[in-house]
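K.L.:
Provided herewith is a single structure, encoded as structure tokens, for subsequent inquiry.
Read the figures in this text as sums done on the coordinates, not as results from a lab. In this text, all values refer to a predicted model and were calculated from it rather than measured experimentally. Virtual Cβ from ideal backbone geometry, glycine too; neighbours counted across all protein chains shown.
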Number of protein chains: 2
Amino acid sequence: MNSYQKNKFQKKKNSHELKVCVTPLGGCGEIGKNMTIIENSNDIIVIDAGLMFPKEEMLGIDLIIPDISYLKRNRQRIRGIVLTHGHEDHIGALPYIIPEIDAPIYGTKLTLGLLESKLEEFEIKKPPTLICIKPKDKITLGSFQVEFFRVSHSIADGVGLAIFTNIGIIMHTGDFKVDQTPIDGELIDFHKIAEYSNQGILLLLSDSTNVERSGYSPSEKEVGEHLYNAFAEAKKRIIVTTFASNIHRIKQVIDCAIRYNRKVAITGMSMNRTISMAAKHGYLPNVNNKVMIPFEDVRRHLSKRIVIITTGSQGEPMSALSRMATNSHKHLKIEKDDMVIISARVIPGNESSIANTINNLFRLGAEVVYEKVSEVHVSGHASSEELKLMLNLARPKFFVPVHGEYRHLVHHTKLAQKVGIPENNIFILENGKKLELTKDKARIIGSVSSGMVLVDGKGVGDVGNIVLRDRQHLANDGMVIVLISIHKQSGKLNSPLEIISRGFVYVRGSEELFTKAKLKIEIALNECLSKNNNLPDIKNTVTGILKKFFYEEIERRPMILPLIVEI
Amino acid sequence: MNSYQKNKFQKKKNSHELKVCVTPLGGCGEIGKNMTIIENSNDIIVIDAGLMFPKEEMLGIDLIIPDISYLKRNRQRIRGIVLTHGHEDHIGALPYIIPEIDAPIYGTKLTLGLLESKLEEFEIKKPPTLICIKPKDKITLGSFQVEFFRVSHSIADGVGLAIFTNIGIIMHTGDFKVDQTPIDGELIDFHKIAEYSNQGILLLLSDSTNVERSGYSPSEKEVGEHLYNAFAEAKKRIIVTTFASNIHRIKQVIDCAIRYNRKVAITGMSMNRTISMAAKHGYLPNVNNKVMIPFEDVRRHLSKRIVIITTGSQGEPMSALSRMATNSHKHLKIEKDDMVIISARVIPGNESSIANTINNLFRLGAEVVYEKVSEVHVSGHASSEELKLMLNLARPKFFVPVHGEYRHLVHHTKLAQKVGIPENNIFILENGKKLELTKDKARIIGSVSSGMVLVDGKGVGDVGNIVLRDRQHLANDGMVIVLISIHKQSGKLNSPLEIISRGFVYVRGSEELFTKAKLKIEIALNECLSKNNNLPDIKNTVTGILKKFFYEEIERRPMILPLIVEI
């Protein structure tokens, strides 16, 4: 290698090293399945790996995970998966991803605790390496270093990330709010953020979920006051439902119980599992044998002395609370003047099941306290004033809003402009878009494959547009099967037509409709057979005739399946 | 008849006359399909006849109307149908009910105008008698008299009803709010309500829709201010969407256009029809040739000089706005800096389609203004302080909350108790419950048939639980048909099995699954055939085996349909 060549090689190497790319694989242009990758030519860090709940048009789908084909192709560069907190939309895709990607996973104690119980359910063959970190820990992942800093959120033990690269600091807030009076006393780490800012933050990625809300999100502590007030008015048992992972909320419920001299029982599998895990790790210091009683012992105490914490805040049909509301819970009947507190937000799509649960509880005589009528829930995401605070504190050169639908990202870019970040330094990255950064420039250089992988039962990715379109069709107007048996030699119908329908009309009241339909098909069939038409032609003819006939008669378009048996 | 008998008869007759019954057939325990009947032994009045939009689990259903079998059985006693206002949830069931019930229909000019254009669409054979009334008109319907009084709502020309019976006044608010500064200057008629109250209101039926909101609903005029502010910031075209029936809103949009020297064009069939009807009847005095231009002429004007009023406020896929948002509108392409104002509430169930529309409009570079980020919409229903005002003004002896889910009705009873109505004088009537009133007593005496009649295409009531359950099943996991052809004489399979699936798995990637499934069935079939099992047994066996097999393999439960052809 001569000196010229050497120089060129050096330059090339340097130019490679002095570029970092940021690509969201989920969570940008949508709420959920959060996942972002940071990479240079040697190393990749994966931030979070969440799931998303299906939209209503995705019939029969259980959940959605990010498309990780880009990561699979670049397996050997992945140095680690870094988790910001333990919510499903940040860790829920891991059971599906771990078998594909062999990399250590970093997270705080509670985050890993939640992940572990999830992995147990899935019976993962080769368990991943889990490495527990604390805020202010700094780890090295290839040529990157990652420092964790405390943030407040609606789950305990959340962190943001400062990623030290050779071109500057990339800061990722994770999900956060600015809670000035957090339950566990752990403030969002203003000082660390200020420190990074003083060193110079090249790029900030910040949570956009609540950007449409003006002002500040109230402190979790304010929920406590409203819970206290509700408890004061309760005449009989109090039943509280919230997300199992909302440890601070559960702590506050138990505090209220202690103050009002009530015992606490827990029902619901995930609630039981999470509370014991959190208590074991020290997140619920008020859980002890004096206040907690087994659920079976509830009946041994006066109604006025009982608090029950349960699952079902989203009106899930099989949850303990839904069963109570429909009077089908084995061990607990709702009685007049029982109080039910729904201390959770409504996940979009669950509005009507939650409303049903509330209506049914009222029908049974319970008093129901919920977000619309009392402030028994606050959001865990920063409202616009907090987002501005974060932007002003971090003072990044470049800004990318994350965690939001397109409109949230747009609103967040406007906030950033308001606090002085130049429009050209702000980038809306939708999933898959690759942002390339140097010390002083940033530009979108293309995109990698990204998208939704649908999970239905054990099937991951085997349900796509064709299957969904068929389900949609079947869901709207059902189906009609026409069973035709043709005698091959004579070219005649062998036996009468059979029409079988499901989800189309109430069969017993529709004899006339089907008789007419049969007549139409028979005439057409005989014509086809006399012309010696081939099977596909016959099928098309039958389908066309029935389609037209049913639409004219009752304005429905069932899926039509002609089945021909040749003898 | 001796004097004893005569006396007894007299008494019986009197006791009949001095009783009035009130029964909701819709709108109580649900939002929508509002319909209430008031009756004595001779006469029935029907108040409103609305539709409801289907819940998400009612797959393929277009709309829901009340069960009117009770009215059909008592046809000869019906003296009239009285309409409070022209919204779908108050008049939308009429096209289905008119052919069954021959009674005159009473409503204000706008209400009847909206009804007429609806009836035209339906091509009703024998059009009903429509009788136009004004507020303060008093009509006689059998032994009842009905006086109409003005109320404010999110549609113009709404009225409440004072029904004079021989035991006292029954007052029905219709849908209302207390707008102290209404657009058309027509205040809710406090004085008439006070007058009825002075005469003594026996029973009040009052709108519960917004009972969960504290305080007052803002005046429609406040929307005008926010519209003005939005208009001031618009750089190019302004596209406004709202409900076609919200005449006051449309008037305000046109006022803004005039003030900012913009021309107004209208697109969307229902919007065009409603605006011309309302203008013809004098509800839109600002509609004239100076401000209005045909939609085709939009391109001839500067962007800054244009306002377009359009349909699509609920993200309806075929609406003009949705087509603009997906860049598939024939005549209008959204450009950067166009402003879209969504001046309407989100009807529950439409959240995600509206969110999609907003996101897509932002993607095209439009500025989108909607309820969450600007107060460009206010509710047309009374909040809790207004409801208390109504209760205090009316001072009824008995109270029945209407128009609400069960929880709304419960909250409304609590308000009524707060303002001093005794708990025993308040009744929650769910649909079908019959409240019997005398001069000084009220009690629920039983119930009449009521419920949901599902409309799907031209079919009214032919889709029930069985069909819906099948649609649900098909929607979740699709279906698998097994076509089996058996040779009757030999008792053997005639040809290989065929498996056809739809909405189940992606067939091309699932060859192995189906091969395995066929093998399982063949083994079982041969066993069945050798045992000479009958057809139903064979079908059950095949269904059972496949169910188990598919669940074990991929955790799905498709509908399984074995079809057997015997030769």
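K.L.:
Give me D for the protein assembly as shown in µm² s⁻¹, whole number, from Stokes-Einstein with Rh from the Kirkwood sum over alpha-carbon pairs, 10 °C and 1.306 mPa s.
P.N.:
48
K.L.:
Show me, bin by bin at 5 Å from 0, the whole-percent P(r) of segment B:478-566 based on Cα pairs.
P.N.:
3, 14, 28, 27, 15, 9, 4, 1
K.L.:
State the Kirkwood hydrodynamic radius of segment B:220-369 in Å, one decimal place, computed from all pairs of distinct Cα atoms.
P.N.:
Across segment B:220-369, the inverse of the average 1/r is 15.2 Å.
K.L.:
Here is a follow-up. Could you check the spin-label model distance between B:I523 and A:C132? Points 7 Å from the Cα along Cα→Cβ, value in nm.
P.N.:
For the pair B:I523/A:C132, the computed spacing is 4.8 nm.
K.L.:
Still on this model: Neighbour counts of other C-beta atoms within 10 Å: give me A:E512, A:E195 arranged from fewest to most.
P.N.:
If I rank by nearby Cβ atoms, fewest first, I get A:E512, A:E195.
K.L.:
Also: Add +1 for every Lys or Arg and -1 for every Asp or Glu among the other residues with Cβ under 13 Å from the Cβ of B:I275, and state the total.
P.N.:
In short, +4.
K.L.:
Sticking with this structure for a sec: For a footprinting-style exposure proxy, rank B:H191, A:H403 by other Cβ within 10 Å, fewest first.
P.N.:
The order, fewest Cβ neighbours first, is B:H191, A:H403.
K.L.:
DSSP loop trypsin sites (Lys or Arg not before Pro) in segment A:122-182 with at most 13 other Cβ atoms within 10 Å of their Cβ, which ones?
P.N.:
A:K125, A:K136
K.L.:
Okay, next question. So for A:S219, B:S245, B:S270, A:S154, fewest C-beta neighbours within 10 Å to most, what's the order?
P.N.:
Fewest-to-most Cβ neighbours within 10 Å comes out as B:S270, A:S219, B:S245, A:S154.
K.L.:
If you count, for every residue in A:370-376, the Cβ atoms of partner chains within 10 Å of its Cβ, what is the mean?
P.N.:
Taking the mean over all residues of the peptide, I get 2.
K.L.:
Test of understanding: what is the full-extension gain from B:K441 to B:F549, defined as 0.36 nm times their sequence separation minus their Cα-Cα distance?
P.N.:
32.5 nm
K.L.:
Of the cross-linked pairs A:K304/B:K441; B:K418/B:K439; B:K19/B:K118; B:K118/B:K290; A:K33/A:K118; B:K134/B:K418, which ones have a Cα-Cα span greater than 26 Å in the structure shown?
P.N.:
A:K304/B:K441; B:K19/B:K118; B:K118/B:K290; B:K134/B:K418
K.L.:
A further question on this structure: Calculate the spin-label point distance for B:A194 paired with A:Q417, positioning each point 7 Å from the Cα along the beta-carbon direction, and give it in nanometres.
P.N.:
Each label point is offset 7 Å from its Cα along the Cβ direction, giving 5.3 nm.
K.L.:
If you don't mind, another one. At what distance in nm do the modelled label points of B:H487 and A:V507 sit from each other, each positioned 7 Å from its Cα along Cα→Cβ?
P.N.:
Each label point is offset 7 Å from its Cα along the Cβ direction, giving 3.0 nm.
K.L.:
Based on the Cβ-Cβ distance from B:V291 to B:E120, what FRET efficiency comes out when R0 is 30 Å, to the nearest 0.05?
P.N.:
0.60
K.L.:
Now for a separate question. Could you give the dipole magnitude of the protein assembly as shown about its Cα centre, charging the beta-carbon of Lys and Arg +1 and that of Asp and Glu -1, in debye to the nearest 20?
P.N.:
Computed about the Cα centre, the dipole is about 120 debye.
K.L.:
Next question, about the same structure. Note down the net charge around A:G365, summing +1 for each Lys or Arg and -1 for each Asp or Glu among other residues with Cβ under 9 Å from its Cβ.
P.N.:
Once positives and negatives cancel, what remains is -2.
K.L.:
Test of the criteria: in segment B:203-297, which trypsin sites (Lys or Arg not before Pro) are in a DSSP loop and have at most 15 other Cβ atoms within 10 angstrom of their Cβ?
P.N.:
B:K235, B:K290
K.L.:
Mind checking A:57-65 for the average number of partner chain beta-carbons within 10 Å of each residue's beta-carbon?
P.N.:
Counting other chains' Cβ atoms within 10 Å and averaging over A:57-65 gives 3.
K.L.:
Where does helix B:247-259 land angle-wise versus the long Cα axis of chain B, in degrees 0 to 90, nearest 10?
P.N.:
80
K.L.:
I would also like to ask the following. Roughly speaking, what is the centre-to-centre gap between segment A:287-336 and segment A:43-73 when only Cα atoms are used, to the nearest Å?
P.N.:
35
K.L.:
If you take the beta carbon distance between A:E225 and A:K336 as r and set R0 to 30 Å, what does 1/(1 + (r/R0)^6) give as a FRET efficiency, to the nearest 0.05?
P.N.:
Computed FRET efficiency for A:E225 and A:K336: 0.65.
K.L.:
Please state the equivalent ellipsoid semi-axes for segment A:26-116: what are the square roots of 5 times the Cα gyration tensor eigenvalues, largest first, in whole Å?
P.N.:
That gives 22, 16, 11 Å for the three semi-axes.
K.L.:
Taking a point 7 angstrom from the Cα of A:K388 along the C-beta vector, which residues in segment A:406-450 have backbone N less than 13 Å away?
P.N.:
It comes to A:414-421, nothing else.
K.L.:
Given R₀ = 45 Å, FRET efficiency for B:D102-B:I564 by Cβ-Cβ distance, to 0.05?
P.N.:
Plugging the Cβ-Cβ distance into 1/(1 + (r/R0)^6) gives 0.30.
K.L.:
Can you list the lysines whose alpha carbon is less than 27 Å from that of B:K518, not counting same-chain residues fewer than 8 positions off?
P.N.:
Result set, ordered by chain and number: A:K458, A:K488, A:K539, B:K488, B:K492, B:K531, B:K539, B:K547, B:K548.
K.L.:
Something else now. From other protein chains only, count the Cβ atoms within 10 Å of every residue's Cβ in A:456-464, then give the mean.
P.N.:
Across A:456-464, the average partner-chain Cβ count within 10 Å equals 6.
K.L.:
Another question, then. Any idea what angle helix B:465-477 forms with the longest principal axis of chain B, computed on alpha-carbon atoms, 0 to 90 degrees, nearest 10?
P.N.:
It is inclined by approximately 60 degrees.
K.L.:
Segment A:438-475 to segment B:422-463: how many Å between their Cα centroids?
P.N.:
About 48 Å separates the Cα centre of segment A:438-475 from the one of segment B:422-463.
K.L.:
Give me the net charge of A:R299's neighbourhood, meaning all other residues with Cβ under 14 Å from the Cβ of A:R299; Lys, Arg count +1, Asp, Glu -1.
P.N.:
+4
K.L.:
Further question on the same structure: Rounding to the nearest 10 and keeping the result within 0 to 90°, find how far the Cα-based axis of helix B:406-418 lies from the longest principal axis of chain B.
P.N.:
Result, in degrees: 30.
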